[in-house]
1. Write out, first by first residue and then by second, each pair whose Cβ atoms fall under 8 Å of each other, whose residues are 6+ apart or on separate chains, and whose first residue, in region 1-21, is under 20 Å from residue 48 (Cα atoms) while the second is β-branched (Val, Ile, Thr).
2. I want to confirm something. Restricting to region 49-58 and keeping residues that are without any contact (Cβ under 8 Å) to a residue 24 or more places away in the chain and loosely packed, with under 14 Cβ neighbours inside 10 Å, which single residue is farthest from residue 11 (Cα to Cα)?
3. Looking at (1) assigned to a loop (DSSP other than H, G, I, E, B); (2) within 26 Å of residue 3 (Cβ to Cβ); (3) in contact with a helix residue (DSSP H, G or I) (Cβ under 9 Å, 6 or more places away or on another chain); (4) at pLDDT 60 or above, which is the only condition residue 94 fails?
Amino acid sequence: MGQLVSEMITLHTHARHLEWPSEHENCPDASRLLTLSIVWQVMAGWHRRTDGGGTIDDLLSDDTRTSRVPAQHDRPSDSEPLSSKPHPLTQLGHG
């Protein structure tokens, strides 16, 4: 098992327990920004893993075929690299 899979298992292990605390959260703005940051990091990894061709739709699809990931030439030409966008935690002053 590679490092990426190990990291994703660790993320899953921690994230699967978030439902109960979410119901009792008293800092919704910070929680939203941190959630956005986690999703942003997963998407950054997905973009890198798919040579920039993977989308959130690919991740949310129940189609697990590797052919689901678009080829490099199938990407929209106006797509901006994720790394050029500001990280969500910069809004909290932690970026």
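1. 11/38; 11/42
2. Here is the first cut: in region 49-58, the ones without any contact (Cβ under 8 Å) to a residue 24 or more places away in the chain are 50-51, 53-58.
Next, only the ones that are loosely packed, with under 14 Cβ neighbours inside 10 Å stay: 51, 56-57.
Working: 51: 22, 56: 18, 57: 20 Å.
That would be 51.
3. Here residue 94 meets the rest and fails (4).
Yes/no matrix, rows are residues, columns are (1) basic (Lys, Arg); (2) at pLDDT below 90:
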site: 7; (1), (2): no, no
site: 20; (1), (2): no, yes
site: 23; (1), (2): no, yes
site: 29; (1), (2): no, no
site: 60; (1), (2): no, yes
site: 65; (1), (2): yes, yes
site: 77; (1), (2): no, yes
site: 80; (1), (2): no, yes
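The values are calculated or read from the model by the stated rules, or taken from the named source; none is laboratory data. This one's a predicted model, so the numbers in the text were calculated from it and none came from an experiment. When we count neighbours, we look across all protein chains shown, and the Cβ atoms used for this are built from the backbone with ideal geometry, even at glycine.
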